[in-house]
1. Restricting attention to segment 1-12, which residues are surrounded by fewer than 24 Cβ atoms within 10 Å (Cβ to Cβ) and over 14 Å from Tyr121 (Cα atoms)?
2. From the list Lys3, Lys44, Lys62, which one is among the charged types (D, E, K, R) and in contact with a strand residue (DSSP E or B) (Cβ under 8 Å, 6 or more places away or on another chain)?
3. Based on what the data block shows, is Ala164 aliphatic (A, V, I, L, M) and touching an Asp or Glu at 6+ places or on another chain (Cβ under 6 Å)?
4. What residue, of Glu183, Glu190, is surrounded by 16 or more Cβ atoms within 10 Å (Cβ to Cβ) and touching a residue at least 24 places away in the same chain (Cβ under 8 Å)?
5. So the check is Cβ under 8 Å with 6+ separation or different chains; which pairs have a first residue in segment 196-217 that's farther than 19 Å from Asn162 by Cβ and a second one that's aromatic (Phe, Trp, Tyr) and not in a helix (DSSP H, G or I)?
6. Among the residues of segment 224-233, are any at pLDDT 95 or above, touching a Gly at 6+ places or on another chain (Cβ under 6 Å) and farther than 16 Å from Gly13 by Cβ?
7. Please specify each residue of segment 6-44 satisfying the condition of being aromatic (Phe, Trp, Tyr) and under 10 Å from the mean Cα position of the chain (by Cα).
Amino acid sequence: MIKIAVYGKGGIGKSTTTSNLAAALSRKYKVMQIGCDPKADSTKNLMGGRRTSTVLGTIKEKGEDIELEDIVHIGYNGVLCVEAGGPTPGIGCAGLGIISAFQKLDELGAFETYKPDIVLYDVLGDVVCGGFAMPIRDGYAEHIFIVTSGEMMALFAADNINRAVNNFKDRGYARVRGIVLNERLVENEEQLVSKFAKENDLNVIQTIHRSRMVQLAEDDGMTVVEKFPDSDIAQDYITLAEKMVEICSAGVA
């Protein structure tokens, strides 16, 4: 089982990237995507635009006595969709919510039951606190990919994520395997992101080019891989998926 966490600043297109990755990978593999953002919208474009019940919401509604079918939903092309969820805004800690969700998935034997080939964690990277760092430090993910643009705050978040991963590098935890450039068409964007990657001994493994097809697909609750499978932007995600599998299988960046 290949376990990948996709990190990035909120709003950078991390969920769009992850769901398109899941759609692309589902052509060859059994894929599970776990959304680790309190907004719980990571998998909606794999679910026809429908928001699903979250792990935390289901626990709150039904108590601890829940089943996997209550929190694991079948999306596009068989992708297994899970949303961790979060606390009521202004009350509670989103990081602790992620910890509770992961513990419940473990308790119910989600990975043993569904036996996915690839697990994708979609993780907010603005704050890398204990809960949001769980995929890094608790063995849930083995490989980290960071989505960024050339915008200053996106690169700032990418640097924080990379530093967080490096804090655990001597313990045999997950490693950053590469950078994904999600274009925002800022000036000198490619050079800025390449410079950041080089300074951190990383590679920019794929550029996701700006395309209005992404929004058109999402307006219909779909990924571009599903709605526009022959488009250039879909090919960007398909190529990224292939590169990720190759990198993770080799175990090197």
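1. Hits for segment 1-12 are Lys9, Gly10, Gly11.
2. Working: Lys44 fails: in contact with a strand residue (DSSP E or B) (Cβ under 8 Å, 6 or more places away or on another chain); Lys62 fails: in contact with a strand residue (DSSP E or B) (Cβ under 8 Å, 6 or more places away or on another chain).
That would be Lys3, the only listed residue that is among the charged types (D, E, K, R) and in contact with a strand residue (DSSP E or B) (Cβ under 8 Å, 6 or more places away or on another chain).
3. Numbers: aliphatic (A, V, I, L, M): yes; touching an Asp or Glu at 6+ places or on another chain (Cβ under 6 Å): no.
It is false that Ala164 is aliphatic (A, V, I, L, M) and touching an Asp or Glu at 6+ places or on another chain (Cβ under 6 Å).
4. Numbers: Glu190 fails: surrounded by 16 or more Cβ atoms within 10 Å (Cβ to Cβ).
After ruling out the rest, the residue left standing is Glu183.
5. Once the first residue is farther than 19 Å from Asn162 by Cβ and sits in segment 196-217, its partners that are aromatic (Phe, Trp, Tyr) and not in a helix (DSSP H, G or I) give Met213/Phe228; Leu216/Phe228; Ala217/Phe228.
6. Within segment 224-233, the first condition is being at pLDDT 95 or above, and the residues that meet it are 224-233.
With touching a Gly at 6+ places or on another chain (Cβ under 6 Å) added as a condition, the list becomes none.
No, every residue in segment 224-233 fails to be at pLDDT 95 or above, touching a Gly at 6+ places or on another chain (Cβ under 6 Å) and farther than 16 Å from Gly13 by Cβ.
7. Within segment 6-44, the first condition is being aromatic (Phe, Trp, Tyr), and the residues that meet it are 7, 29.
Across segment 6-44, the qualifying residue is only Tyr7.
The values are calculated or read from the model by the stated rules, or taken from the named source; none is laboratory data. Source: prediction; values computed, not measured. Cβ coordinates were reconstructed from backbone atoms using ideal geometry, including for glycine residues, and neighbour counts include every protein chain displayed.
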